[in-house]
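A short write-up of the structure that comes next.
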Amino acid sequence: MAKTQTTPENPVDLPLRLDPAPKPVPGCPLCDNIASDRDRAHANGNASGVSDCNVRMRRHLSSQHDAR
């Protein structure tokens, strides 16, 4: 009987992203809200929350502020 391989042959290599955090547009209340959420997540050691806020900020910037 042939032995079935149950693990991948090589590990997956994911690059470490070191993109700078997107900056809020001064005077925009939604940018301020997202930045505040991100600061709170960072203060609580919630890296996943920080990442989520960065995604929200980038989407907001691209849809409302001409893709800064």
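The values are calculated or read from the model by the stated rules, or taken from the named source; none is laboratory data. These numbers come from a predicted model, not from an experiment. Note that we place each Cβ from the backbone using ideal geometry, even for glycine, and neighbour counts take in every protein chain shown. To get the accessible areas, we keep the full protein, side chains included, count just its heavy atoms, and leave off ligands, DNA and RNA. Shrake-Rupley method; radii C 1.70, N 1.55, O 1.52, S 1.80 Å.
With respect to the chain, whose longest principal axis is taken over its alpha-carbon atoms, helix 29-43 is tilted by about 50°. Against the main long axis of the alpha-carbon atoms of the chain, helix 47-64 sits at an angle near 60°. Note on Val12/Asp52: beta-carbon distance plugged into 1/(1 + (r/R0)^6) with R0 of 22 Å gives a FRET efficiency of 0.50. Pop out the carbon and sulfur fraction of the accessible area of the chain as a percent, whole number, probe 1.4 Å. Carbon-and-sulfur percentage of accessible area, whole number: 53. Taking every C-alpha pair closer than 8 Å and separated by at least 6 residues, the mean separation divided by the residue count of the chain gives a relative contact order of 26 percent. Here are labelled values, (i) 60; (ii) 143; (iii) 81, and one is the computed volume of the Cα convex hull per residue in Å³ for what I pasted. Which one? Recomputing volume of the Cα convex hull per residue in Å³ here gives the entry labelled (ii).
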